[in-house]
1. Out of curiosity, is TYR36 among the aromatic types (Phe, Trp, Tyr) and either in a loop (DSSP other than H, G, I, E, B) or at pLDDT 95 or above (or both)?
2. In region 149-203, which residues are modelled with pLDDT under 95, over 15 Å from the mean Cα position of the chain (by Cα) and not hydrophobic (A, V, I, L, M, F, W, C)?
3. Residues of region 94-108 being in contact (Cβ under 8 Å) with a residue 40 or more places away in the chain and loosely packed, with under 15 Cβ neighbours inside 10 Å, which ones?
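The values are calculated or read from the model by the stated rules, or taken from the named source; none is laboratory data. Every value quoted in this text rests on a predicted model; they were computed, and no experiment measured them. Please note: Cβ atoms are built from the backbone with ideal geometry, for glycine as well, and neighbour counts cover all protein chains shown.
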Amino acid sequence: MSCARANRATARRAAGRVCRSSHSRSGYPNTLALRYVPRHPVAGGAGGYNSIVGGARGGSTPKATGILEFRGLAEIGLIAMPDRPGLAGTVLDCLSKRGLNTPFVVELTDPNGTSHIALCVREPDLEQALEAVGALADQLHAQRVVQRRGVAVAAVHGPHFRERPGCAAAACAAIAGKGVNILAISTSLSSIACMVDAADLAATVRSLQTTFDLPDQAVMVAGEGLTSPVRTGC
């Protein structure tokens, strides 16, 4: 298989075919448009990513298919808003109308009936995002708006994560074993995404590779653009 075809196959597996164009039919840029760039050249055939299905040694950990790195991010938090329907939609709509993508979003409601939202934007977009969110703070009665520069997200994904207990536990324990503090966690049916300090991203990815027995070729870097790989050379 040629390098270009192998890279395309890698990107489709890693992305899970879930990313859409930033100008999707919904009109919302929050559906992140990305390209996935292999950190290392990918070759087909024996030993290449196309022949690899990850899984921890001994078979005790469910198989994973790859890891995505989201670099160059900043975190914004809206703290202690009175809970009501539409909080997240209002915030995300405000950002999307400014053309700002949000590759990581978490919301929770505490026992006191107040909601908290944490999200990530590209670090170069932080000031524009803060301006947008700050305009909403009074409307949503947020007690505080906080920010953190220099964060990143590592997401490990696998086809059996949704049906096997212990996947998130294994990922979080592995990251903690490297002395890395997880700042926020988000999951989907087939992925576990952890926000960490950007300085800890490499250690985070190494811990996930070890735990899920994934080679370097299974690690992809998310970048702005179409959902297709960039040829890195063979």
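1. no
2. Of everything in region 149-203, those that are modelled with pLDDT under 95, over 15 Å from the mean Cα position of the chain (by Cα) and not hydrophobic (A, V, I, L, M, F, W, C) turn out to be PRO159, HIS160, ARG162, GLU163, ARG164, PRO165, GLY166.
3. Scanning region 94-108 gives a single hit, GLY99.
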